[in-house]
Amino acid sequence: MDSVKHSAEVIVDLTKMHYHMVNDRLSRYDPAVLVLATFGGTLVYTKVVHLYRKSEDPILKRLGAYVFSLLRKIPSVRDKIEKELSAEKPKLIESIHKDDKDRQFIATLPITPLSQESILELADKYEKYNTFNIDGGRVSGAVYTNRHVEHVTLLGKIYEKYAFSNPLHPDVFPGARKMEAELIRMVLNLYNGPEDSSGSVTSGGTESIIMACFSYRNRAHSMGIENPVILAGKTAHAAFDKAAHLCGMRLRHVPVDENNRVDLKAMEKLIDSNVCVLVGSAPNFPSGTVDPIPEIAKLGEKYGIPVHVDACLGGFMIPFMNDAGYLLPVFDFRNPGVTSVSCDTHKYGCTPKGSSIVMYRSKELHHFQYFSCPDWCGGIYATPTIAGSRAGANTAVAWATLLSFGRDEYVRRCAQVVKHTRMLAEKIKTIPYVKPYGSSDVSLVAFSGNGVNIYEVSDKMMKLGWNLNTLQNPSAIHICLTINQAREEVVNQFVADLKTTCDEVAAAGNEKPNQGMAAMYGMAAQVPKSVVDEVIALYIDATYSAPPGNNN
């Protein structure tokens, strides 16, 4: 007891001594200087903390970007960059319009109406611009159904009835409201949602992900978390980056293992008091690998953090895989820690584009997604998602598709797609110039180069009529199999073309590519991100441009 008392006295004496030393030194300065220094120091500290919390990027990376932004202000540097960008602009515009044969462009509203025959003729001509054989299985993903006549005819009839419906007005369009409620509940039941579960129809997977992150941002703020963080694997969809940007959140990326699955130990180490949601993909977009959802859900339970499962890509595959004979670990609300799921109906659900579902374990969680403005002079305004008015027809055709397919048809399609995905994954292993990337757990087969530039391979495959997805960090490509690729003849032709293409690229040696994906990704790896952003902006601008040489 005496030793504790003695220690306390020593601490008090030391504290007094240092207090007097500091006070003596500061007494030499003018009080106004001290006040200004304190104020300035606080401002600097606040700014540094703000910059640190603004992004999860490494400090050196952010410092490099800042230094480059200063260098760009130097006239010679600025002029050189602008010259290079100006040279790229016409190339991008031409690449966008390469299939536009007539180069005509409607830029003004016609004075008198066009006839229906003329409009349909024009639409038919535009539709024929496509040069890829979608129904023949030459396009990775994009169109996930075989567009059979009976289905398309049904959609046309349903669309005719609900073309002008708007779920924003449930009293005016009660049928559209009921369809939306039934669509949500059917998908919730596929994911074993509990009785209190709830959800919304959105325009697509990106909006579903944004809505989930928005909900968790609002929940975090209600709990006093000022700088909420999304914790997701580096293979998580870029929609989480977009959500973080739009919602003023930070995205902290978790490393993945050799199969592209989230590293659970790394995820747990990255958890802190600011993390407001853990994310698992089922499967991820780059390689089609399913993250360890049950284990991520247990982490969520352990730390009291919500868990979101991104099943946008595999949303209408994974609920049917067990029945199709392909076992998966539990990925849905049967895991107590899973609190929300995003699922695209417009992919393997085979509905037209513009339809996805975001689901929550409870209405309480769902309410964090809602927006209301109760005191607006235009009346009480409230919406469940980003949009105000919504296309009731999109919900109606999605509802009709699910009813017309039924569970058995989804199971049949799932079995066919998974069977041929695994067949393709095995056959690709026989090609010496490529190696598997990740694990083909559901419907994607990804591979990287083994002694060849994989982007050159992709460019040559495109010339053979294959439209594939290019990946980066690391360099790779993938093909997303749909019912259109779920045929042995398509798989065999793909493998044959891939082998021939790899042989050609290998024979060409190390020639530097000057066009196509190989050149673009080569450039992207060597220049600062801000310049890549500008090239991307030019590309997007080109998609809205008139054809070159058109004066309309």
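The values are calculated or read from the model by the stated rules, or taken from the named source; none is laboratory data. Small disclaimer: the values here were computed from a predicted structure and weren't measured. No Cβ is skipped: glycine too gets one built from the backbone with ideal geometry, and neighbour counts run over all protein chains shown. Note: areas computed on protein heavy atoms with side chains; ligands, DNA, RNA excluded. Shrake-Rupley method; radii C 1.70, N 1.55, O 1.52, S 1.80 Å.
Read through the labelled values (1) 3, 14, 22, 25, 19, 9, 4, 3, 1, 0, 0; (2) 3, 15, 24, 25, 20, 10, 2, 0, 0; (3) 3, 15, 23, 22, 16, 7, 4, 3, 3, 2, 1, 1, 0 and report the label of the one computed as P(r) over Cα pairs in 10 Å bins from 0, in percent from the structure.
(1)
Using a 1.4 Å probe on the protein heavy atoms, what percent of the accessible area of region 407-513 belongs to carbon and sulfur?
Values: 2110 of 4610 Å².
In region 407-513, the share of accessible area belonging to carbon and sulfur is 46 percent.
Taking the Cα centre of region 407-513 as origin, work out the dipole magnitude from +1 charges on Lys and Arg Cβ and -1 charges on Asp and Glu Cβ, in debye rounded to 20.
Values: 13 positive and 12 negative charges, 53 e Å.
That gives region 407-513 a dipole magnitude of about 260 debye.
What GluC sites (Glu not before Pro) in region 178-285 are in a loop by DSSP, with at most 11 other Cβ atoms within 10 Å of the Cβ?
Here the sparse-neighbourhood loop sites are 195, 226, 258.
Relative contact order, percent, of region 212-368 when contacts are C-alpha pairs under 8 Å separated by at least 6 residues?
Details: 313 pairs, mean separation 31.7, N = 157.
Once divided by the residue count of region 212-368, the mean separation gives 20 percent.
Could you go through region 328-335 in sequence order and give the Karplus-derived ³J(HN,Hα) for each residue, using 6.51 cos²θ - 1.76 cosθ + 1.60 with θ = phi - 60°, rounded to whole Hz, and x for Gly and Pro?
Once rounded to whole Hz, the list reads 10, x, 4, 10, 10, 5, 5, 7.
Enter the angle in degrees (range 0 to 90, nearest 10) between the Cα long axis of helix 75-96 and the first principal axis of the Cα atoms of the chain, meaning the one along which they spread out most.
Compared with the principal axis, the helix lies near 30 degrees.
Which order, highest average first, do 144-153, 312-321, 330-339 follow once you tally other Cβ atoms within 10 Å for each residue and take the mean per peptide?
Numbers: 144-153: 14.0, 312-321: 25.5, 330-339: 20.5.
Descending packing order for the listed peptides: 312-321, 330-339, 144-153.
If I stretch the segment between residue 537 and residue 487 completely, what's the gain in nm (0.36 nm per residue apart, minus their alpha carbon distance), one decimal?
Working: separation 50, 0.36 × 50 = 18.00 nm, distance 3.83 nm.
Extra length from residue 537 to residue 487 when fully extended: 14.2 nm.
For region 147-198, which chymotrypsin sites (Phe, Trp or Tyr not before Pro) are in a loop by DSSP, counting at most 10 other Cβ atoms within 10 Å?
On the way: sites: 159, 162, 164, 191; in loops: 164, 191.
Filter output for region 147-198: 164.
Using the Cα centre of the chain as origin and beta-carbon charges of +1 (Lys, Arg) and -1 (Asp, Glu), tell me which of 548, 197, 76 is placed farthest towards the positive end of the dipole.
76
By how many degrees, 0 to 90 and rounded to 10, does the Cα axis of helix 205-222 deviate from the longest principal axis of the chain?
Orientation of helix 205-222: about 20 degrees from the principal axis.
Place a +1 charge on the Cβ of each Lys and Arg in the chain and a -1 charge on the Cβ of each Asp and Glu, then give the dipole magnitude about the Cα centre in debye, rounded to the nearest 20. It would help to have the intermediate numbers written out before the result.
Values: 59 positive and 59 negative charges, 125 e Å.
In total the dipole reaches around 600 debye.
Output the 0 to 90 degree angle, nearest 10, between the alpha-carbon long axis of helix 31-54 and the longest principal axis computed from the alpha carbons of the chain.
Tilt relative to the chain: about 30 degrees.
Relative contact order, percent, of region 407-513 when contacts are C-alpha pairs under 8 Å separated by at least 6 residues?
Numbers: 138 pairs, mean separation 31.2, N = 107.
Here the relative contact order equals 29 percent.
Among 42, 396, 90, flag the residue with its Cα farthest along the positive direction of the charge dipole of the chain, charges on Cβ as +1 for Lys/Arg and -1 for Asp/Glu.
Farthest towards the positive end: 42.
By how many nm would the segment from residue 463 to residue 105 lengthen if fully extended, with 0.36 nm per residue of separation less the alpha-carbon distance?
Values: separation 358, 0.36 × 358 = 128.88 nm, distance 2.71 nm.
Using 0.36 nm per residue and subtracting the Cα-Cα distance, I get 126.2 nm.
For the chain, what is the calculated [θ] at 222 nm in deg cm²/dmol (nearest 500), taking -39500 (n - 2.57) for each run of four or more DSSP H residues and dividing by its residue count?
It lands at -16000 deg cm²/dmol.
Could you name the lysines in cross-link range of residue 98, using Cα to Cα under 21 Å and dropping any fewer than eight places away on the same chain?
Candidates past the 8-residue exclusion: 89, 125, 128, 460, 463.
Could you report the chain's accessible area per residue, 1.4 Å probe, as an integer in Å²? Mind showing how you got there, number by number?
Numbers: 30170 Å² over 552 residues.
With the other protein chains kept in place, the chain gives 55 Å² per residue.
Output the relative contact order of the chain, whole-number percent, from Cα pairs under 8 angstrom with separation of 6+ residues. Let's see the in-between values first.
On the way: 837 pairs, mean separation 101.0, N = 552.
Worked out over the chain, it gives 18 percent.
So, R0 is 51 Å and r is the distance between the beta-carbons of residue 74 and residue 258; what FRET efficiency does that work out to, to 0.05?
Numbers: r = 44 Å, r/R0 = 0.86.
In this case the efficiency is close to 0.70.
Just to verify a number: FRET efficiency for residue 134 and residue 363, C-beta to C-beta distance, R0 = 45 Å, to 0.05? Before the final figure, lay out each step's value.
Values: r = 40 Å, r/R0 = 0.89.
Efficiency, from the Cβ-Cβ distance: 0.65.
Share of region 192-295's accessible area from carbon and sulfur, percent, 1.4 Å?
On the way: 1910 of 3900 Å².
Whole-percent figure for carbon plus sulfur exposure: 49.
Among DSSP beta bridges whose residues both lie in the chain, state the antiparallel percentage, nearest 5.
On the way: 24 of 42 bridges.
That works out to approximately 55 percent antiparallel.
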